[in-house]
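The values are calculated or read from the model by the stated rules, or taken from the named source; none is laboratory data. Source: prediction; values computed, not measured. All Cβ positions, even for glycine, are placed from backbone atoms using ideal geometry, and neighbour counts span all protein chains on display. Heavy atoms of the whole protein, side chains included, go into the accessibility calculation; ligands, DNA and RNA do not. Shrake-Rupley method; radii C 1.70, N 1.55, O 1.52, S 1.80 Å.
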Amino acid sequence: MKRQKFIEHTNPFDLISDEIIFSILDLLTSNPIDLKSFSLTCKSFYYVEAKHRKILKPLRSEHLPSVLQRYTQLTHLDFSLSPRVTDASLVIISKACNSKLRSLDLSRSKFFSATGLLSLATNCTNLVEIDLSNATELRDAAAVALAKAKNLEKLWLGRCKLITDMGIGCIAVGCTKLRFISLKWCMSIGDLGVGLIAVKCEQIRGLDLSYMQITEKCLPSILKLKYLEDLVLEGCFGIDDDCLGVIRYGCKSLKKLDVSSCPNISPTGLSSLTRATTSLQQLTLAYGSPVTLALANSLKNLSMLQSVKLDGCVVTYDGLEAIGNCCASLSDLSLSKCVGVTDEGLISILKKHKDLKKLDITCCRKITDVSISNLTNSCTSLTSLKMESCSLVSREGFILIGRGCHLLEELDLTDNEIDNEGLRSLSRCSKLSILKLGICLNLNDEGLGHIGTCCSKLLELDLYRCAGITDSGLLAIIHGCPDLEMINIAYCRDITDKSFSSLRKCSRLKTIEARGCPLITSFGLAEAVAGCKLLRRLDLKKCCNVDDAGMIPLAHFSQNLRQINLSYSSVTDLGLLSLASLGCLQHLTVLHTNRLTPSGVAAALLANSSLTKVKLHALFQALLPERLLKHLEVRGCTFEWREKIFQAELDPKCWKMQLEDEMQIVF
C-alpha cells in the first residue's frame with residue numbers, strides 16, 4: 001500500500017521581508033479602510049500592519065488600552081476625532097508609548113488637566129510636538145507640568161485663556177529647545193511671559209502672538225531672536241507707532257510677518273518695523289492702514305519681498321504704483337476686498353511684475369477687461385487667480401484668461417459673467433486643479449463639457465447655484481475628472497439620480513455639497529456613496545426625496561464621514577439611528593425634519609458616541625430629557641439650538657438680485 005504524501009501549504013507572503021511589506025503599506029495610508037482590509041487578510045499581515053503603524057487617530061479613548069497594546073511602535077497620536085480625553089487616558093498613553101511618542105494632538109479634546117500632562121512630560125521624554133489649542137480650562141498648573149517636557153520643539157496653546165505669565169514663564173525655563181509656539185488668544189499672557197519666551201527659548205523659528213495684550217515692552221526681545229523666521233502679530237491692538245519707534249535691533253532672519261488687523265500701526269510705525277526686518281519675504285497688512293504712497297515707501301528696504309497681502313484695505317493708485325516699483329521680487333499679491341482698486345492701479349503693478357504667480361482681486365468691483373487684457377499679456381506664468389464678484393469684467397475677459405494663462409492651477413470666478421465660450425477658452429488650462437464657478441448664471445452643460453474633456457487634473461469644482469447645469473454637464477465632469485475630491489452642486493435643481501449616482505466613479509471624493517437638489521433621491525445617494533468610501537463631508541439640506549433608504553447604505557459605505565446636514569430631508573428616526581455606526585461622525589445638523597420624534601433623536605444621539613457638535617431646532621431642547629443632554633455634554637458634545645423658520649427657496653436670478661441689493665447697502 002502506497003504511503004500518502006502530505007503537502008505542506010505555506011503562505012507565499014511569509015517569504016517576503018517586512019521591509020518590502022512596509023513599503024507596500026506606505027502606499028495605503030490615504031484610506032484607513034485599506035489598512036484595515038490589509039490587516040484582516042491573514043495573521044501575518046495582522047501582525048506586520050501593527051508593527052508598521054507609526055500614526056494613529058483613535059475614535060474613542062476608552063479603547064486605548066487594547067489599541068496601544070497592539071500598536072507598540074506609535075510615534076504620533078491624533079485625538080482630533082475623540083472629544084473626551086481624560087487624565088486617565090493620558091496616563092495610559094504615557095506608560096504604553098513612553099519614549100517612542102514624539103507628537104500628540106489634543107486640539108479637539110477636553111477633560112484632561114495638569115495631572116495627565118505631567119504623566120506625559122515625565123514618561124514621554126522624546127515628545128517634540130503637542131497641540132493643546134482650545135483647552136480653555138487649562139491653568140498655570142498645566143503649564144508647570146508641561147515644562148517638564150525638556151525636548152519639546154513645537155507647542156500650540158491657542159485659546160488657553162487661563163494660562164498667565166507665570167505659567168508661560170515656567171514653559172520658557174523648562175522647554176528651552178522650543179522652535180515654534182502659538183499663543184493666539186492667550187489673553188492672560190502679556191509682555192512678561194512673551195519676553196521670557198524670547199529670552200529663554202533662543203531657538204525659536206515661529207511665534208504666533210495673535211490677539212494678545214502685548215505692547216512695546218516685549219518687542220525688542222522678540223526681534224533679538226537670531227533664528228526667528230515667522231512672526232504673527234495679527235490683532236495686537238496694543239502695538240502702535242510709538243511701540244515700533246523704539247526698535248533699535250534688527251531681526252535679519254525674519255522671513256514672514258503678519259501685522260493684519262493692527263489699526264494703530266501707520267506707515268510711520270511700519271517703516272520702523274521694516275527697517276529692522278530687511279530680509280522679509282512675506283508681509284501681511286490686511287485690514288490695516290490705507291495703502292498710500294507713504295505706506296508703500298515704508299517697504300523700500302524689503303528687496304527680498306515676494307508676497308504682499310493687503311486684504312480689506314483702502315488702496316490708492318499712488319500706493320499700488322509705489323508697491324510695484326519697490327517690490328522687485330513680487331510673485332504673490334492679494335487685494336481681496338480692497339476698496340479703491342482700479343484698472344490704472346492694478347496695471348501699474350502688472351506691467352512691472354511679469355513673473356507674478358498668484359493674484360487675488362476678489363470683490364474688486366472696479367476692475368474691467370482692461371486689467372484682464374494686461375494681466376494675460378504680462379503675467380503668463382500665473383498659477384492662481386481669484387477674482388470673485390468682479391462684475392465689470394465682460395464675457396470676453398474670461399476668453400482672454402484662457403488664451404494667455406495656460407499654467408493656471410487655481411481659478412475662482414464665483415459670481416461673474418463668464419459663459420460657455422469662456423469655459424471653452426479656459427479648458428486650455430490643462431493644469432487646473434481648483435475651479436470655482438458658483439453663481440455664474442450664464443453657464444450650461446456645453447461649457448462644462450469643455451472642462452470635462454480637457455481638465456483631467458481637476459480636484460475641486462464649485463457649481464453653487466449654477467442654474468443651467470443638468471445631468472449632462474455633471475456627467476461630463478465625472479467622466480473626464482475621475483480624481484475629484486470636492487464637488488459643489490448646491491441648488492443645481494435639475495441634477496437627478498442619473499448623474500448623482502455616477503459620482504461613485506470618483507473614488508477620491510471627500511466632500512459633496514448637494515443641498516437644494518430636490519430631484520436627488522435615496523436611490524441616487526445609495527449608488528453614489530457605494531464608490532465614495534473616502535467621503536468626509538456631505539450636505540443634503542433641502543434634498544426632500546432623501547429618506548431612510550439612503551441612510552442605511554450611507555452608514556455602510558461612508559465609514560470616514562465626519563459631517564452631515566440632513567435639514568429639510570425626509571429622514572425618520574430609523575434613518576438617523578442607522579448613522580450611529582459611523583464612528584468618525586462629529587457634526588450633525590438636522591433642522592425642519594418633520595418625521596423625527598424626540599425619542600428617536602434621543603436614541604440616535606445616545607448611540608453615536610463620536611458626535612462633538614449637533615444643530616437641532618430649539619423645540620427639541622425642551623422635549624429631550626435634561627439628563628440625556630448633560631450626559632452628552634460630559635461626553636464632549638456641544639449643542640446649537642436654532643429657531644430658524646422654514647424658508648421657501650428663491651429662483652436663482654431673484655436670489656442674486658437680492659444679494660446684489662444687500663451688497664450695495666454694505667458698500
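Put a dot 7 Å past the Cα of I16, heading toward its Cβ, do the same for K457, and the two dots end up 3.2 nm apart. A simple packing score, the average count of other Cβ atoms within 10 Å per residue, orders the peptides 257-266, 622-631 as 257-266, 622-631, with the highest score first. Fraction of C-alpha pairs exceeding 18 angstrom in the stretch 510-666: 59 percent, rounded to a whole number. Normalised by the number of residues in the stretch 467-554, the average gap of Cα pairs under 8 Å and 6 or more apart makes the relative contact order 28 percent. Taking the DSSP beta bridges in the chain as the whole, what percent of them are antiparallel, to the nearest 5? The antiparallel fraction comes to roughly 0 percent.
Each label was represented as a point 7 Å from its Cα along the Cα-to-Cβ direction; for K354 and K498 these points are 5.0 nm apart. Taking 0.36 nm per residue of separation and subtracting the Cα-Cα distance, full extension of the segment from H592 to M304 would add 98.2 nm.
Take the convex hull of the alpha carbons in the stretch 296-358; its mean projected area over all directions comes to 3.7 nm². Inter-label distance, A530 to S381: 4.9 nm, where each label sits 7 Å from its Cα along the C-beta direction.
Ranked by the mean number of other Cβ atoms within 10 Å of their residues, highest first, the peptides 271-280, 153-162 come out as 153-162, 271-280.
Percent of Cα pairs in the chain per distance bin of 20 Å, from zero to the largest separation: 16, 40, 39, 4, 1, 0.
Considering only protein heavy atoms and a 1.4 Å probe, what is the carbon-and-sulfur percentage of the accessible area of the stretch 54-131? Summing carbon and sulfur atoms, their accessible area is 52 percent of the total for the stretch 54-131. Restricting attention to the stretch 54-131, the count of lysine pairs at 8 or more positions apart or across chains with alpha carbons under 17 Å apart stands at 4.
Rg and Dmax of the stretch 443-583, both derived from C-alpha coordinates alone, stand at 14.0, 45 Å. Our summary gives the chain a relative contact order of 5 percent, counting only alpha carbon pairs under 8 angstrom and 6 or more residues apart.
Taking every alpha-carbon pair under 8 Å whose residues sit at least 6 apart, the stretch 54-131 reaches a relative contact order of 32 percent.
Length gain on complete extension for the stretch K217 to C42, per 0.36 nm per residue less the alpha carbon to alpha carbon distance?
Value of the extension gain: 56.7 nm.
Under 16 Å of direct C-alpha separation, and excluding same-chain neighbours fewer than eight residues apart, K505 reaches these lysines: K457, K533. The percentage of C-alpha pairs in the stretch 10-52 whose separation is greater than 17 Å is 22%.
The convex hull built on the alpha-carbon positions of the stretch 54-131 has an orientation-averaged projected area of 4.1 nm². Size descriptor for the stretch 247-323, Kirkwood hydrodynamic radius: 12.2 Å (Cα pairs only, one decimal). Once the Cβ-Cβ distance of I24 and R395 is raised to the sixth power relative to R0 = 41 Å, the FRET efficiency obtained is 0.20.
Hey, what number do you get for the chain at 222 nm if only DSSP H runs of n ≥ 4 count, each worth -39500 (n - 2.57), divided across all residues, to the nearest 500? Rounded to the nearest 500, it is -10000 deg cm²/dmol.
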